[in-house]
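K.L.:
Would you mind keeping the following structure in view while I ask a few things?
Derivation of every value follows stated rules applied to the coordinates shown; laboratory data play no part. Since the structure is predicted, the reported quantities are computational estimates derived from the model, not experimental observations. Heads up, the Cβs are rebuilt from the backbone with ideal geometry, glycines too, and the neighbour counts pull from every protein chain shown.
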Amino acid sequence: MSHGTRSQGPIADGRHAVVVGGGLAGITTALALADAGVRVTLLEGRPRLGGLAFSFQRGELTVDNGQHVYLRCCTAYRWFLDRIGGAALAPLQDRLDVPVLDVARPEGHRLGRLRRDALPVPLHLGRSLATYPHLSLADRAKVGRAALALKGLDPADPALDAQDFGSWLAAHGQSARAVEALWDLVGVATLNAVAGDASLGLAAMVFKTGLLSDPGAADIGWARVPLGELHDRLARKALDSAGVRTEVRTRVTSVSQDDDGRWIVQVPGETLEADAVVLAVPQREAHDLLPAGALDAPERLLKIGTAPILNVHVVYDRKVLARPFFTALGTPVQWVFDRTEASGLREGQYLAVSQSAAQDEIDEPVAVLRERYLPELERLLPLTRGAEVRDFFVTRERTATFAPTPGVGLLRPGARTKASGLYLAGAWVATGWPATMESAVRSGVGAADAVLGALGRPRPHRLFEFREAA
């Protein structure tokens, strides 16, 4: 086993918890338990922490596997950034501002913006929608009425989970253009599904929380450094300081309970005993590790579908984009981010193209994707037409998120299992959120809360500060 370092943290009371999985959910669980004085061992099969939000080296480039953003309403992830000392490295916009390019429109009308004013909800978006060039006057009026209807929905209502968002939008007068130019523009990036494939409950949660709860709720934040700096290096440093024993390259082979109720976690070369175990791994892996009887219907975990995300990475010999990011209509291209500074590139510009709900492209050869996306970037960014492409590569996450399909809410379990001392965490558990970094952190907080309650330990106040964070 590859042993992590251990420094002075809170004094443990002899209770031991093992957290299986070193993604955001597992890191959060481990930090929360250690902060409460529990002795914690964190086990991760990969050689790094961070789960599906990580970085790797490609020559001199430091590359994120995919572009990850969060919103001001993501109070749990913001708490996480504060806890690991990384908030300054992933700042938020002062005010929501999303450039939207439409290549199908005349040159002078290609750029629209979705941005907010310093006005109360829903007036904060009124001027932006009223002047949004990518929708007709009739569509803009109908969007406003649909938004008000959406505001009246209860995302926790099980009936909403059974419906699809696309049908609801159609029933509320939303044209195909309105869905493309507004609802899917936001929804595909946050839900990883088009409206017709998404649960109305999850979609209502996203739009109510992000756009209709607080004027600043949808302000966008993203890492100005590689994700590995946050989710691996700084997270590891925080875990070490908290006294967590962190083991990477350590895959758990079995989890069982002995006759005395103690948990036995088996890894190659070592058997760990624990008072509590948290499985903070993907749903299929959790299913395979669950002992018999831990869930009433464990096969439900296997029915939670997955959805892919494709990322196209292009390095040009010169600067071709002046903005930090933009999104696009009338093209396969969804969101484009400038990752030049974060990657360490010294000359030219490095763009990352993030393609959610990429079922049709996830297995396409790199050569095919190159032929498809380079001409599209030329259509969107005129300065690319004289630029040399110095590198073109693709990263693929085939199971990037759980699929937010209608009915998925019935399949997502809570943190507690029927086995005393065994808990679940991960973006796929029942947090009420889609599969985001926010959901992962919230799940870790929920699992830690359940463990502390079972062990009779007080909950650290700061663990729950994010619930009231602005």
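K.L.:
Enumerate the lysines that Lys303 could reach by cross-link, defined here as Cα to Cα under 20 Å, with residues fewer than 8 away along the same chain left out.
P.N.:
In chain and number order, the partners are Lys418.
K.L.:
Here is a follow-up. All other residues with a Cβ under 13 Å from the Cβ of Gly152 taken together, and with Lys, Arg as +1 and Asp, Glu as -1, what is their net charge? Could you put the intermediate results ahead of the total?
P.N.:
Working: positive: Arg145, Lys151, Lys208; negative: Asp154, Asp157.
The answer is +1.
K.L.:
Using a cut-off of 12 Å between beta-carbons, work out the net charge of the residues near Phe326 (Lys and Arg +1, Asp and Glu -1, Phe326 not included).
P.N.:
Numbers: positive: Arg110, Arg113, Arg323; negative: Asp97, Asp102, Asp338.
Net of charged neighbours comes to 0.
K.L.:
For Arg251 and Leu89, what is the calculated FRET efficiency with R₀ set at 30 Å and r taken between the beta-carbons, to the nearest 0.05?
P.N.:
Values: r = 30 Å, r/R0 = 1.00.
The value I calculate is 0.50.
K.L.:
Still on this model: Please report, to one decimal in angstroms, the Kirkwood hydrodynamic radius of the chain built from all distinct Cα-Cα pairs. The partial results should precede the final answer.
P.N.:
Values: mean 1/r = 0.0432 Å⁻¹.
When all Cα pairs of the chain are included, the Kirkwood radius is 23.1 Å.
K.L.:
Then there is this: Okay, helix-only estimate at 222 nm for the chain: each DSSP H run of n ≥ 4 adds -39500 (n - 2.57), divide by all residues, round to 500 deg cm²/dmol; what do you get?
P.N.:
Numbers: 14 runs with 130 residues, N = 470.
Value at 222 nm, helices only: -8000 deg cm²/dmol.
K.L.:
Please list 222-235, 93-106 highest first by mean number of surrounding beta-carbon atoms within 10 Å per residue. Kindly include the intermediate steps, with their values, before the conclusion.
P.N.:
Details: 222-235: 22.1, 93-106: 15.9.
The peptides rank, most packed first, as 222-235, 93-106.
K.L.:
May I pose another question? Find the all-direction average of the projected area of the Cα convex hull for region 58-171, expressing the result in square nanometres with one decimal place. All intermediate terms of the calculation are to be shown ahead of the outcome.
P.N.:
On the way: hull surface 47.7 nm².
Mean shadow area of the hull around the Cα atoms is 11.9 nm².
K.L.:
I've got another one for you. In whole angstrom, and with the biggest value first, how far do the Cα coordinates of region 339-470 range along each principal axis?
P.N.:
On the principal axes, region 339-470 reaches 65, 34, 24 Å in Cα extent.
K.L.:
Continuing with this model, one more query. What's the extension gain from Ala292 to Asp317 if we count 0.36 nm per residue and subtract their Cα-Cα distance? Before the final figure, lay out each step's value.
P.N.:
Working: separation 25, 0.36 × 25 = 9.00 nm, distance 5.69 nm.
Contour length minus Cα-Cα distance gives 3.3 nm.
K.L.:
Ok, one more. Whole number please: convex hull volume per residue, Cα atoms of region 317-415, in Å³.
P.N.:
Details: hull volume 14.2 nm³, N = 99.
Per-residue hull volume (Cα only) is 144 Å³.
K.L.:
Can you give the alpha-carbon Rg of region 387-441 over 2.2 N^0.38 Å, where N counts its residues? Numbers along the way, then the final one.
P.N.:
On the way: Rg = 17.0 Å, N = 55, 2.2 N^0.38 = 10.1 Å.
With N residues counted in region 387-441, Rg over 2.2 N^0.38 Å equals 1.68.
K.L.:
May I ask you to give the average projected area over all directions of the convex hull of the Cα atoms of region 285-338, in nm² rounded to one decimal?
P.N.:
On the way: hull surface 27.6 nm².
Seen from a random direction, the Cα hull of region 285-338 projects 6.9 nm² on average.
K.L.:
Taking 0.36 nm per intervening residue step and subtracting the Cα-Cα distance, what contour gain separates Gln266 from Val366 on full extension?
P.N.:
Separation in residues times 0.36 nm, less the Cα-Cα distance, equals 32.0 nm.
K.L.:
Now, a different point. Counting C-alpha atoms alone, how compact is region 17-79: give Rg to one decimal and Dmax as a whole number, in angstrom.
P.N.:
14.1, 42
K.L.:
If the label point is 7 Å along Cα→Cβ of Arg105, which residues in region 159-182 have backbone nitrogen under 12 Å from it?
P.N.:
Within reach of a label on Arg105, which here means backbone N under 12 Å from a point 7 Å along Cα→Cβ, region 159-182 contributes 181-182.
K.L.:
5 Å is the cut-off here: which amide hydrogens, built 1.01 Å from N in the peptide plane, fall below it relative to Tyr423, excluding neighbours closer than 5 in sequence?
P.N.:
Those qualifying (amide H under 5 Å, at least 5 residues apart or on another chain) are Val277, Val278, Leu279.
K.L.:
Using Cα pairs under 8 angstrom and six or more residues apart, how large is the relative contact order of the chain, in percent?
P.N.:
Details: 1025 pairs, mean separation 115.2, N = 470.
Reported relative contact order: 25 percent.
K.L.:
Compute the distance in nm between two label points, each set 7 Å from the Cα along the Cα-to-Cβ direction, one at Asp117 and one at His461.
P.N.:
About 4.0 nm, to one decimal.
K.L.:
If you project the alpha carbons of region 238-295 onto their three principal axes, what span does each projection cover, largest first, in Å?
P.N.:
Result, largest extent first: 36, 28, 21 Å.
K.L.:
Write down Rg/Rh for region 216-349, rounded to two decimals, with Rg from the C-alpha atoms and Rh from the Kirkwood relation over Cα pairs. Kindly include the intermediate steps, with their values, before the conclusion.
P.N.:
Working: Rg = 21.8 Å, Rh = 19.8 Å.
Over the Cα atoms of region 216-349, Rg/Rh equals 1.10.
K.L.:
Starting from the amide H of Asp391, placed 1.01 Å from N in the peptide plane, find each other amide H under 5 Å away whose residue is 5 or more places distant or on another chain.
P.N.:
For Asp391, the qualifying residues are Val315.
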